[in-house]
Amino acid sequence: MITLKEALKLPKEEISNLRADLKRVIQEKKNIGAYVEQLTCKPISEYGEGIPVAIKDNIQVTGWEVTSGSNILQGYIAPYNATVIDNILKNGLAPFGRTNMDEFAMGSSTESSFYGKTLNPHNLKCVPGGSSGGSAAAVAGGMAIAALGSDTGGSIRQPAAFCGCVGMKPTYGKVSRYGLGAYSSSLDQIGPITQNVEDAAILYDIIAGHECRDSTSANIVHVKVGESLNPDRKMTIAVIENYLEDASLEVKAKMIDAIKVLEKEGHKIIYRNFINSKYDIATYYVIATAEASANLSRYDGVRYGNRAPSDNLKEMFRKSRSDGFGEEVKRRILLGTFVLSSGYYDAYYIKAQKARHFIKAQYEEIFKEAELIFMPVTPTTAFEFGSKSDPLEMYLSDIYTISLNLAGLPGISVPIGKDSKGLPIGGQLISKAYAEQDLFDGAMSLERALR
Amino acid sequence: MKIDNALLQKLENLSSLKISNEKREDVIKQLSEIVEFVENLGEMDLDNEETTFTTIAGGTPLREDIPNVNPNIIQTILANAPLSENSFFVVPKIIE
């Protein structure tokens, strides 16, 4: 597949050939189910004529059905473009196809989508990861040049790792959430999933910047990172030692190889420890579900999407929501309602807010000594469909990705090798807030050294 | 703590959801497991941490209150709403 960097140099007529070729490939590889259109047997959604970029089904594109992978949003048509969509259009790119996702971005396998399963292109028995599993599978399967995903607790980095792509979550506030279907507003960020680090930097530069219609968008001038990428910079990189110990043997082995490679590149490696990741998981599931219970209260069958028939308004709310939401979404709404309800608020929600400060401070402490942090993306490689039937077990597969969202920091998942079954393994670099230049420079150094 | 049927009923009411009879036992078990898991936060020493967390340095920005309506958005939403009439959303009768 042509890279995004190369595609940006193509003349107009070649772009239209590229779009036609992609449509043919998407049709041929229908069994992967990376795009919602592959699962619903509809023509690929289009808007504009630029270089095609696959868009997660929770990012608004005018005139498209944008459903967050949910039954409750069937029939909804997006009335405006998300800021990231306007930004890509301004730069010669165009939204092309809706990628499959876990319903409302709540999941780590894309199994909870209303439309059905997305398969991992490296092994069709395995999940692509989630929640941006469709975006990662589209890029990994040669069905997209690049894609946009969203990351609330790892939903860009984890599927990128499972599918062998590069996935990047920007600093909270760097990319506007205007037009992103809200799951957990203080954690959600849109970011790129691409074939290589440089493409990720290019796409990140295109979507980043202040948006006055988004009160959580950082009001600072965006300094482009793609133009000054420097893989020759030498940095201090902190490896989280106890996280290595928690990973599977094969993930650990590839991480150790990658650390050696980074050292050979001239980076200084230091070893530090984090608190047990179970506290990150606990903090995340309190805060994310609390915010989700509030955000998802807007789906009531009145204004958009699916309405269940009833003569009684309250009954209509209840039926529309009970029929429209899938099981995992209902579970998280109930949990979020619980932690915010009177009598439990202090013991759960307030405690989690305090823990969030603690987690952020832990990162700040390490960043006094290092420019970057290096850790695995996932404890294992992609798992098989249906292998994690217990919700808590699924939550525990996110141990390395969640704390970064809680701290608001940027991170990138870079392929560092494959396991004995040929499944990709990802390594994760993290930088200080707004230090995306450090992040991409380090990622490029790692990528180059492993080639 | 254990979530019981009475608490689940309260949560269903608060969130306008109804868990079917055949799913109740499973949901109660899963929620109890998750709640027990998140209680590990009690092991952390958090007495000196702040109780509110903000992602935006300097607080939420203020702007002038200028009316800003895009008629296309209104039109698209109304045209695709479950039920609408004369620029209103229609819902089941509230007052007899």
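State the antiparallel share, in %, of DSSP beta bridges confined to chain A, rounding to the nearest 5.
On the way: 30 of 45 bridges.
So the antiparallel bridges in chain A amount to around 65 percent.
Using Cβ counts within 10 Å as a stand-in for footprinting exposure, how do A:ASP151, A:ASP300, B:ASP45, A:ASP323 rank, fewest first? The partial results should precede the final answer.
Values: A:ASP151 29, A:ASP300 20, B:ASP45 8, A:ASP323 14.
With the sparsest Cβ surroundings first, the list reads B:ASP45, A:ASP323, A:ASP300, A:ASP151.
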ask   = For the residue pair A:ASN31 and B:ASN5, what label-to-label distance in nm results when each label sits 7 Å from Cα along the Cα-to-beta-carbon direction?
value = 4.8
key: Total charge dipole magnitude, the stretch A:368-411, about the Cα centre, Cβ charges on Lys, Arg, Asp, Glu only, Debye to nearest 20   = 80
request  = With an 8 Å cut-off on Cα pairs and a minimum separation of 6 or more residues, tell me the relative contact order of chain A in percent.
outcome  = 18
request  = Would you mind ranking A:LYS125, A:LYS9 by Cβ crowding within 10 Å, fewest neighbours first?
outcome  = A:LYS9, A:LYS125
task = Scale the Cα Rg of chain B by the rule-of-thumb value 2.2 N^0.38 Å and send over the ratio, two decimals.
result = 1.81
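Which links in A:LYS9/A:LYS234; A:LYS56/A:LYS174; A:LYS252/A:LYS278; A:LYS351/B:LYS29; A:LYS117/A:LYS314; A:LYS90/A:LYS224 stretch past 26 Å when you go from one Cα to the other? Let's see the in-between values first.
Numbers: A:LYS9/A:LYS234 31 Å; A:LYS56/A:LYS174 19 Å; A:LYS252/A:LYS278 19 Å; A:LYS351/B:LYS29 23 Å; A:LYS117/A:LYS314 33 Å; A:LYS90/A:LYS224 16 Å.
Pairs exceeding the cut-off: A:LYS9/A:LYS234; A:LYS117/A:LYS314.
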note = Along the stretch A:373-379, Karplus-curve 3J(HN,Hα) (6.51, -1.76, 1.60; θ = phi - 60°) to the nearest Hz, with x for Gly and Pro, reads 10, 10, 7, x, 8, 9, x
ask   = Going by how many other beta carbons lie within 10 Å of each one, how would you line up A:PHE325, A:PHE383, A:PHE96, B:PHE88, fewest first?
value = B:PHE88, A:PHE383, A:PHE325, A:PHE96
ask   = Once the Cα atoms of helix B:21-38 and of chain B are each reduced to a long axis, what angle between those two axes, in degrees from 0 to 90 to the nearest 10, is obtained?
value = 70
note = Over its alpha-carbon atoms, the stretch A:4-228 yields an Rg and a Dmax in Å of 15.6, 45
Structure-based [θ]222 nm, chain A - -39500 (n - 2.57) summed over DSSP H runs of at least 4, per residue, nearest 500 = -11000 deg cm²/dmol
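With only Lys, Arg, Asp and Glu charged, each at its Cβ (+1 for the first two, -1 for the last two), find how big the charge dipole of the stretch A:4-228 is about the Cα centre; round to the nearest 20 debye. Walk me through the intermediate numbers first.
Numbers: 20 positive and 22 negative charges, 46 e Å.
For the stretch A:4-228, the charge dipole is close to 220 debye.
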inquiry  = Could you tell me what a quarter of the Cα convex hull surface of the stretch A:125-222 works out to, in nm² with one decimal place?
reply    = 6.1
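Per residue, how big is the convex hull of the stretch A:342-411 when only Cα atoms are used? Give it in Å³.
Working: hull volume 7.9 nm³, N = 70.
About 112 Å³ per residue, rounded to a whole number.
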query = Just B:THR51, B:THR60, B:THR76 to compare: in a GNM of chain B, with alpha carbon springs under 10 Å, which one fluctuates most?
reply = B:THR76
message = So for the stretch A:392-451, averaging the separation of alpha carbon pairs under 8 Å that are six or more residues apart and normalising by length, what relative contact order in percent results?
response = 29
task = State the answer as a single residue: which of B:LEU83, A:LEU404, A:ILE270 lies farthest towards the positive end of the charge dipole of the protein assembly as shown, with beta carbon charges of +1 for Lys and Arg and -1 for Asp and Glu, about the Cα centre.
result = B:LEU83
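Work out the mean other chain Cβ neighbour count within 10 Å for the residues of A:317-326 and drop it here as an integer.
Details: counts 4, 6, 3, 2, 4, 6, 1, 0, 2, 0.
Counting Cβ atoms of other protein chains within 10 Å of each residue's Cβ and averaging gives 3.
Note down the magnitude of the dipole of the protein assembly as shown about its Cα centre, charges +1 on Lys and Arg C-beta and -1 on Asp and Glu C-beta and zero elsewhere, to the nearest 20 debye. Mind dumping the intermediate values first?
On the way: 58 positive and 69 negative charges, 178 e Å.
My answer is approximately 860 debye.
Using the Cα atoms of the protein assembly as shown to build a convex hull, what is its mean projected area in square nanometres? Mind showing how you got there, number by number?
Numbers: hull surface 101.5 nm².
The directionally averaged projection comes out at 25.4 nm².
We did not get these values from a lab; they are worked out from the coordinates using the rules stated. Just so it is clear, the model here is predicted, and its values are computed rather than measured. Here the Cβ is made from the backbone with ideal geometry for all residues, glycine too, and neighbour counts use every protein chain on show.
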